[in-house]
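Input: one structure, supplied below.
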Amino acid sequence: MRASTLRLLAFVIVVASLAPACQAGDGSQAAGSEGGTRVTLILGAYTTPREAYGKAILPAFREHWKQKTGQDVEFQESYQGSGAQSRAIVGGFEADVAALSLEADVDKIADAGLITHDWRTGPHGGMVSNSIAVIAVRSGNPKGIRDWGDLARPGLDVLTPDPKTSGGAQWNINAIYGAALRGHVEGVPANEPAEAERFLSRVFRNVRIMDKGARESITNFERGVGDAAITYENEVLVAQMGGQEYDYEIPTSTILIQNPVALIDANVDAHGVREVAEAFVEFLHGPVAQRAYAEYGLRSVDESVAEETAAKYPAVEDLWTIDDLGGWDQVATEIYGPGGHFTRAFEAVHEAR
């Protein structure tokens, strides 16, 4: 073999041996593991707080973490209906942190063995934001829709998402059913589950479209579909910030929507990002993130921030929680299970059609 050929072969071997070292030092996964110059966190969230995270909270945490550690944080973000997001994570989407609409969707991830700590032991019971179920109406409220009972009037076109994919849809249904059960719907006697179920059927006779998520549902409303949309209060407030000109009505009785966040143990350990993921979850409970949630229409779980922003969020005459319906386990069976109140109410609508 010629000397020139030998020299070329030696050069190729040296370059090949250096390549892995160059890749490890390119800031990506020396990066991904803690201690590098950059770290990546994967956020799996429900659709509603997209603006709060994307425009305020994630940039604030990047700055916080950079000042504290010198590391740059890159977020990979996924937003879809809470139920769909929960199923995606269980099915293999490797989110490091789940920010979902309701605790039952986090429990599904825990039941799959991906969350191994007790996520409810964190600040505020693991909840990072609150909202309420409200009724979005056209500007000036031309149909005179004021409360849940109005949504059952013949001829109305009402929007709400699908409870199979959307946590927001379940909050909406819980709010309507619970208000009726508590005696806050005219013509429906209190503490009569069968009557509250019949009222649900009457409302859902006016529901033509059930989108997969709360954001898709309110987007349809913004495009001119429907007379009213059952939705999160913060969806309307964010829309108004963006220039949308429609209003909302707070029903006499409605549910306090409590939104959880949880670190997903199996994924953060597989990705080597536990320290930064824990810091991010802690940050979400702190005043900077809590003010950002409040800025984008969500009611703060922090008492001091809630007091600061109280003028923005009207009081509710009869505000109650999921515990007043027995908690999520009971709701899953009695409202959404086979033979549950919503299941039967929805079947009755289809039989009538």
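The values are calculated or read from the model by the stated rules, or taken from the named source; none is laboratory data. Quantities reported herein were computed from a predicted structural model and do not represent experimental measurements. A quick note on method: Cβ atoms are made from the backbone with ideal geometry, for glycine too, and the neighbour counts reach across all protein chains shown. SASA here: full protein model, heavy atoms, side chains in, ligands and nucleic acids out. Shrake-Rupley method; radii C 1.70, N 1.55, O 1.52, S 1.80 Å.
Rounding to the nearest 20 debye, state how big the charge dipole of segment 212-353 is about its Cα centre with +1 on each Lys and Arg Cβ and -1 on each Asp and Glu Cβ.
Working: 9 positive and 26 negative charges, 98 e Å.
Dipole of segment 212-353, to the nearest 20 debye: 480 debye.
Could you run the Karplus curve 6.51 cos²θ - 1.76 cosθ + 1.60 with θ = phi - 60° over segment 140-154 and give me ³J(HN,Hα) per residue in whole Hz, x for Gly and Pro?
After applying 6.51 cos²θ - 1.76 cosθ + 1.60, I find x, 6, x, 8, x, 8, 10, 8, 4, x, 5, 6, 8, 5, x Hz.
Where the accessible area of segment 72-165 is counted over protein heavy atoms with a 1.4 Å probe, how much of it, in %, is carbon and sulfur?
48
Using Cα-Cα distances under 8 Å and only pairs 6 or more residues apart, what relative contact order does the chain have, in percent?
Relative CO of the chain lands at 23 percent.
Continuing with this model, one more query. Taking amide H atoms as placed 1.01 Å from N in the peptide plane, list the residues 5 or more away in sequence, or in a different chain, whose amide H sits under 5 Å from that of V128.
N259, V261
If you count, for each residue, the other Cβ atoms within 10 Å and average over each peptide, how do 243-253, 38-48, 296-306 line up from highest to lowest?
Highest mean packing first, the order is 38-48, 296-306, 243-253.
Enumerate the aspartates and glutamates that K312 could reach by cross-link, defined here as Cα to Cα under 20 Å, with residues fewer than 8 away along the same chain left out.
E51, E233, E235, E245, D247, E249, E295, D302, E303
Only loop residues by DSSP count here, and only those with at most 10 other Cβ atoms within 10 Å; note down the trypsin sites (Lys or Arg not before Pro) in segment 213-289 that meet that.
R223
Further, regarding this structure: In terms of the Cα gyration tensor, with a ≥ b ≥ c the square roots of its eigenvalues, is the chain rounded because a/c is under 1.5, prolate because a/b exceeds b/c, or oblate?
Prolate, since a/c reaches 1.5 and a/b exceeds b/c.
What shape does segment 254-353 have by the C-alpha gyration tensor, where a ≥ b ≥ c are the square roots of the eigenvalues, rounded means a/c under 1.5, and otherwise prolate means a/b greater than b/c and oblate the rest?
oblate
Evaluate E = 1/(1 + (r/R0)^6) for K66 and Q244, where r is the Cβ-Cβ distance and R0 equals 30 Å; express this FRET efficiency to the nearest 0.05.
Working: r = 35 Å, r/R0 = 1.15.
For R0 = 30 Å, the calculated efficiency reads 0.30.
Starting with the highest mean, order 322-330, 227-235 by the number of other Cβ atoms within 10 Å, averaged over the residues of each peptide.
Result, highest mean first: 227-235, 322-330.
Please list, in chain and number order, the residues 5+ apart from V207 or on another chain whose amide H is under 5 Å from its amide H, with Hs placed from the backbone.
Amide H to amide H, under 5 Å and 5 or more residues apart or across chains, V207 pairs with V158.
Is segment 126-214 rounded, prolate or oblate when judged by the Cα gyration tensor, a ≥ b ≥ c being the square roots of its eigenvalues, rounded requiring a/c under 1.5 and prolate requiring a/b larger than b/c?
Because its axes are fairly even, with a/c under 1.5, segment 126-214 counts as rounded.
Over segment 209-353, what relative contact order in percent results from Cα pairs under 8 Å that are six or more residues apart?
Relative contact order comes out at 21 percent.
Compute, for the chain, the length of the dipole vector about the Cα centre, with Cβ point charges of +1 (Lys, Arg) and -1 (Asp, Glu) only. Units Debye, rounded to 20.
It comes to approximately 1260 debye.
Roughly how many nanometres apart are two label points built 7 Å out from the Cα toward the Cβ at D318 and K164?
A separation of 3.2 nm, rounded to one decimal place.
Also, quick follow-up: Just tell me which lysines come within less than 22 Å, Cα to Cα, of K68; anything on the same chain fewer than 8 places away is out.
Of all the lysines, those that pass the test against K68 - Cα under 22 Å, at least 8 places apart if same chain - are K55.
Rolling a 1.4 angstrom probe over the protein heavy atoms, how many square angstrom per residue are accessible across segment 177-329?
With the other protein chains kept in place, segment 177-329 gives 42 Å² per residue.
Could you please state how large a percent of the accessible area of segment 193-335 is carbon and sulfur, counting protein chains only and using a 1.4 Å probe?
45
Which one, L319, V331, G243, projects farthest toward the positive side of the charge dipole computed for segment 222-353 from Cβ point charges (K/R +1, D/E -1)?
With unit charges placed on the Cβ atoms, the residue in question is G243.
Probe radius 1.4 Å, ligands and nucleic acids left out: which of F93, F199 has the largest accessible area, and how do the rest follow?
Accessible-area ranking of F93, F199, largest first: F93, F199.
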